[in-house]
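First up is the structure itself, then whatever we jot down about it.
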Amino acid sequence: MFDEDDLSLATAVACLNAAGLSIPDCRHYFAKREDGAGAAQAQIDLLGQHRRRLRSELAALRLRDRYRGLKVECWPAAAGDDRRRAALSKQGQAVAEKLGKQRRRAS
């Protein structure tokens, strides 16, 4: 039914897709791969673009995690430490502003 080349291709597509490449990007990758060494720059560009997108997503996740962490810290402070609560609230607002800017840039 499937030969070894078919299985190798399916495995490679699955790995690239699991790493976040879209199916169209996988198609582009494999089409260029057939061009050999002459396609190296195109492959570098495609994978570099994907890497930059992942790094941007990672930065956004870190900011979201920081905001959530501040909210978690804020609740115990709300039980009696008004200064701590106010400081955490101010930090949370700053992080929320950064998140908003990041989302606008991504749009």
Residues V95, V13, V72, sorted so that the one with the fewest Cβ neighbours within 10 Å comes first:
V72, V13, V95
Taking the beta-carbon count within 10 Å as an exposure proxy, list R85, R104 from fewest neighbours to most.
R104, R85
Just to be sure I understand the model, the point goes 7 Å from the Cα along the line to the Cβ. What's the resulting F30 to Q91 distance in nm?
4.8 nm
What per residue convex hull volume, in Å³, comes out for segment 56-107 when only alpha-carbon positions are used?
51 Å³
Note the angle between two axes, namely the Cα long axis of helix 82-106 and the longest principal axis of the Cα atoms of the chain, as a number of degrees from 0 to 90, rounded to the nearest 10.
30 degrees
Once the other residues with Cβ under 14 Å from the Cβ of K32 are scored (Lys, Arg +1; Asp, Glu -1), what is the net sum?
-2
Would you compute, from DSSP H runs of 4+ residues alone, the mean residue ellipticity of the chain at 222 nm, taking -39500 (n - 2.57) per run and dividing by the full residue count, rounded to the nearest 500?
-29500 deg cm²/dmol
Full extension from A40 to A10: what is 0.36 nm times the residue separation minus their Cα-Cα distance, to one decimal in nm?
8.6 nm
Of R55, R68, R83, the most mobile residue in a GNM of the chain (C-alpha springs, cutoff 10 Å) is R83
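A short reminder: the numbers here are calculations on the coordinates, not readings from a lab. Computed from a predicted model, the values in this text were never measured in an experiment. Note that we place each Cβ from the backbone using ideal geometry, even for glycine, and neighbour counts take in every protein chain shown.
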